[in-house]
Amino acid sequence: MRRSSSTPSPSQMSRRLFLTAAGAVSLGAALSACGGGSDGGGSGSSTKPVGQADIDKAMKTPTELTFWTWVPGIEQEVALFEKKYPAIKVKVVNAGQGVQHYTKLRTAIKAGKGAPDVAQMEYQAIPTFTITDSLLDLRPYGASSLKDTFVDWTWGQVSGPEGEIWAIPQDTGPMGMLYRADIFDKHGIEPPKTWDDFAAAARRLHKADPDVYITNLAANEAAAWHGLLWQAGAKPYATSGKGNVSIDVDDAISKKLAAYWGGLAQEGVIGVEPDFTDAWFSALNRGKYATWITAAWGPVFLAGSAKSTAGTWRAAPLPQWDAAKPSSGNWGGSTSAVIKATKNPIAAAVFAQFLNSDPESAQLLNTKQSFFPATKRLLADPAFAGDAPAFYGGQKVNQVFARIGETVSRDFQWPPFLDQAVTDWTETVGTSLAKKKGSVAALDAWQTRLTTYAKAQGFTVQAP
């Protein structure tokens, strides 16, 4: 967190608000999109390795790649690639972010023209594009050799069921807890080790000071909810084959989560206001909330957004459901994916790999864009892990979140219709939190709505 005094731009913030991450796609649209592109330079499904001679030749052949990304200032990292491979020029295009980015991308792929060679892609958006056969399997281009370069769970997020490698990790968001040490000290509260401890602290704190809540669980934040499901060990989605999905958003683990948070909301000991609003920012600055359940990008963001509280915050792992088995979920982060229709698959694949695995480029992503690293090397770098920002009282916050990242499971999967899952969550579970009643029943409504949607789009919904 060497740039903890800077605030990420709104475009950087978008990767957390994944409710706008991917637009709707029906199975019919998915199938019609398959095979889009001009000559299908990367359209083959062979996993036979591309020879080094072919790679060397391609990287010395004058070529222009188009890279769609919302990351501000990434031209500096691109310049490193162009310096190493002077024959390859990369045109950086900001096609928008969230829904706008993904909608334009799908439209171009389906039309067979205008798609980029490489695209920024959040982890949760990958299934939306693999089901349309729109991404290039990077195994033939040497990506398998990078497996040990990246945090283990991120490799699970970019890998397919047959070992495909659909993208290269860029940044991550393992979830932890930022807390106001001054508020906790005032009320004799220790950082909660378990969720039971957290609930007890919530009641104690609000009783002692009715103007203070232990945290806010935003009723509009499906992203955070999915991260909490991930931590708890839930497996709400699974896919097998192009049209087969499993939906299980109302299982026992999910109902435990809904009963817990819905109960705290009903008791009135947590807040449920929308996050990333003026009111929410004001609440953080005036001490309305004693903790923020967030991700590894949160410390940098908070340092720039709640400057009046400098020195009072600390970081800790999430409270645990089972203290003997520490776990966490992920909220945010993105990758670089190569579009299958590219005419320059070798150059595009080499670029995606270089951008995120080259030590200097990866370091720039951290220091210039404030991205939390996906590479093991950078996470272990003493300059990174040992950074002790004054905003957090000299605590080594990067080190805390790096260790949290080691507890994230690699088994969590996303649906190929993420946007619908988010919309339905917001209108069922999110609404129940806002109204402070019926959160467990809302899970059943979410399950029913999502299952109905999937079947209407041509998916075969399998029993969990």
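The values are calculated or read from the model by the stated rules, or taken from the named source; none is laboratory data. Remember, predicted model here, so these are calculated numbers, not experimental data. Heads up, the Cβs are rebuilt from the backbone with ideal geometry, glycines too, and the neighbour counts pull from every protein chain shown. The protein model used for the area step is the full one, side chains on, heavy atoms only, and it has no ligands, DNA or RNA in it. Shrake-Rupley method; radii C 1.70, N 1.55, O 1.52, S 1.80 Å.
Per the 1.4 Å probe, what fraction of the accessible area of the chain, in percent, lies on carbon and sulfur atoms? Let's see the in-between values first.
On the way: 8950 of 17400 Å².
The C+S portion of the solvent-accessible surface of the chain is 51 percent.
Angle, helix 439-456 long axis vs. longest principal axis of the chain, Cα atoms, 0 to 90°, nearest 10?
Rounded to the nearest ten degrees, it is 20.
Normalised by the residues of the chain, what does the relative contact order come to in percent, with Cα pairs under 8 Å and at least six apart?
30 percent
Find out how many positive minus negative residues lie around I270, taking Lys and Arg as positive, Asp and Glu as negative, among other residues whose Cβ is under 12 Å from that of I270. Can you show the working numbers first?
Working: positive: R203, K288, K436; negative: E267, E273.
For residues surrounding I270, the net value is +1.
Evaluate the charge dipole of the chain about its Cα centre and quote only its size in Debye, nearest 20, assuming +1 on the Cβ of each Lys and Arg and -1 on the Cβ of each Asp and Glu.
Values: 45 positive and 42 negative charges, 71 e Å.
Dipole size: approximately 340 debye.
Based on the alpha carbons, how large is the Rg to Rh ratio for the stretch 334-391 when Rh follows Kirkwood? Mind showing how you got there, number by number?
Values: Rg = 14.3 Å, Rh = 12.9 Å.
Over the Cα atoms of the stretch 334-391, Rg/Rh equals 1.11.
Computed over the Cα atoms of the stretch 94-199, what is the convex hull's projected area averaged over all directions, in nm²?
Details: hull surface 42.5 nm².
Taking the Cα atoms of the stretch 94-199, their convex hull projects to 10.6 nm² on average.
What's the Cα-based Rg to Rh of the stretch 198-322, Rh via Kirkwood?
Values: Rg = 16.4 Å, Rh = 16.1 Å.
Computed over Cα atoms, the ratio is 1.02.
In the calculated pair distance distribution of the stretch 148-226, what percentage of Cα-Cα distances lie above 17 Å? Don't skip to the answer; put the middle values down first.
On the way: 1915 of 3081 pairs.
Taking all Cα-Cα pairs of the stretch 148-226, the fraction more than 17 Å apart is 62 percent.
Over the chain, what portion of Cα pair distances is larger than 43 Å, expressed as a whole percent? Don't skip to the answer; put the middle values down first.
Details: 14066 of 107416 pairs.
Result: 13 percent of Cα pairs exceed 43 Å.
Over the Cα atoms of the stretch 269-348, compute the convex hull volume and normalise it per residue, giving Å³. Could you put the intermediate results ahead of the total?
Details: hull volume 16.2 nm³, N = 80.
Taking only Cα atoms, the stretch 269-348 has a hull volume of 202 Å³ per residue.
From the square roots a ≥ b ≥ c of the eigenvalues of the alpha-carbon gyration tensor of the stretch 317-464, which class results: rounded (a/c under 1.5), prolate (a/b over b/c), or oblate?
Working: a/c = 2.57, a/b = 1.31, b/c = 1.97.
Oblate shape, in that a/c is at least 1.5 and b/c is the bigger or equal ratio.
Give me the 1.4 Å probe accessible area per residue for the chain, excluding ligands and nucleic acids, in Å².
On the way: 17400 Å² over 464 residues.
So the chain comes to 38 Å² accessible per residue, rounded to a whole number.
Hand me the GluC sites (Glu not before Pro) from the stretch 153-234 located in a DSSP loop with no more than 11 other Cβ atoms within 10 Å, in residue order please.
Taking the stretch 153-234 and a limit of 11 other Cβ atoms within 10 Å, the loop GluC sites (Glu not before Pro) found are E162.
For the stretch 216-286, compute Rh as the Kirkwood radius over C-alpha pairs and then the Stokes-Einstein diffusion coefficient at 4 °C and 1.567 mPa s; write the answer in µm²/s, rounded to an integer.
On the way: Rh = 13.9 Å.
The diffusion coefficient I find is 93 µm²/s.
Where does each of 408-418, 450-460, 61-71 land if you order them by average Cβ count within 10 Å, highest first?
Details: 408-418: 21.0, 450-460: 17.0, 61-71: 19.1.
In descending order of packing, they fall as 408-418, 61-71, 450-460.
Rank by packing, highest mean first: peptides 111-124, 329-342, with packing defined as the count of other Cβ atoms within 10 Å averaged across residues. Working shown, then result.
Values: 111-124: 22.6, 329-342: 26.6.
Top to bottom by mean Cβ count within 10 Å: 329-342, 111-124.
Mind pulling the angle between the C-alpha long axis of helix 99-111 and the longest principal axis of the chain? Nearest 10 degrees, somewhere in 0 to 90.
Result, in degrees: 20.
Determine how large the accessible area of E75 is when every protein chain is in place; take a 1.4 Å probe and give Å² rounded to the nearest 10.
100 Å²
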